[in-house]
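Enquirer: Could you have a look at this structure, given as structure tokens, before my questions?
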Amino acid sequence: MGAESHYSDTIRSSKKCSKLRPLKITTVGDGMVGKTCMLITYTTKQFPTEYVPTVFDNYAENMVMDGQEYNMCLWDTAGQEDYERLRPLSYPNTDCFLLCYSVGSRSSFENIASKWHPEIQHHCPKIPVILIGTKTDLRLSQNDCITRKKGKKMMKKIGAVKYLECSALTNEGLDTIFTESVRAAIERPRKNCFGFPFIQCCK
């Protein structure tokens, strides 16, 4: 199956949202940094040990914050070059971006500032971004991992609203990431990433 067909099918496969206030959370970053594993582990409460798809089928989950219930729509994107032209189709109506790199991959970290943040700013300049350092369990076996201090420095460089870390393997930090993404989304004006009035993200 070609990249275009696969990606289009993935976008169409969104699960139905409820009539609660919807919030669209979109993950972005290099391929193989753990974006899909992060989403699968968070939504299923189990780390995938066998097949991990290139992109995760969009998923809707309810969350209560400050007495208000929200319908959180999680959107995955593929970082591989095959999807360069199609990836921005996932961006409209995003309320918060999770910009991900692996703490064990210096190139994925450097691409945050050189590739991913500029791409987000081009398409959705007013949408909050949370910088995520994934695969923190690698720090137990690698000596050259990106430190938390460097992650926070990158957060300031790109103007992200927050820096968080996680490990899908150990489930560490996942709940905090999605709680904070909802908080970042609701603390901004309710307009989509093109500046037009909000429309529901999942059909």
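Enquirer: Could you identify the single residue in 136, 147 that is surrounded by 17 or more Cβ atoms within 10 Å (Cβ to Cβ) and not small (Gly, Ala, Ser)?
Expert: 136
Enquirer: Can you say whether residue 32 is under 27 Å from residue 113 (Cβ atoms) and at pLDDT 85 or above, as far as the supplied structure shows?
Expert: Answer is yes for this residue.
Enquirer: The conditions are (1) touching a residue at least 40 places away in the same chain (Cβ under 8 Å); (2) surrounded by 17 or more Cβ atoms within 10 Å (Cβ to Cβ), and residue 106 fails exactly one of them. Which is it?
Expert: Going through the list (1) touching a residue at least 40 places away in the same chain (Cβ under 8 Å); (2) surrounded by 17 or more Cβ atoms within 10 Å (Cβ to Cβ), residue 106 breaks only (2).
Conditions tested, residue by residue: (1) under 25 Å from residue 147 (Cα atoms); (2) in contact with a helix residue (DSSP H, G or I) (Cβ under 7 Å, 6 or more places away or on another chain).
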{"residue": "53", "(1), (2)": "no, yes"}
{"residue": "64", "(1), (2)": "no, no"}
{"residue": "88", "(1), (2)": "no, yes"}
{"residue": "104", "(1), (2)": "yes, yes"}
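Enquirer: Scan region 51-106 for residues that are at pLDDT 90 or above and within 30 Å of residue 143 (Cβ to Cβ) and jot them down.
Expert: Correct list: 98, 99, 100, 101, 102, 103, 104, 105, 106.
Enquirer: Provide a single number: the residues in region 61-85 that are hydrophobic (A, V, I, L, M, F, W, C) and surrounded by 20 or more Cβ atoms within 10 Å (Cβ to Cβ).
Expert: Total meeting the criteria: 5.
Enquirer: State whether the residues of region 53-69 include one that is aliphatic (A, V, I, L, M) and without any contact (Cβ under 8 Å) to a residue 24 or more places away in the chain.
Expert: yes
Enquirer: Can you list the helices (runs of 4 or more DSSP H) lying wholly within region 13-127 that have 2 or more residues being under 14 Å from residue 181 (Cβ atoms) and of a type outside the set (Asp, Glu)?
Expert: Output list reads 35-44.
The values are calculated or read from the model by the stated rules, or taken from the named source; none is laboratory data. Here the structure is a predicted model, which is why all the values come from computation and not from measurement. Ideal geometry is used to build each Cβ from the backbone, glycine not excepted, and the neighbour counts take in all protein chains shown.
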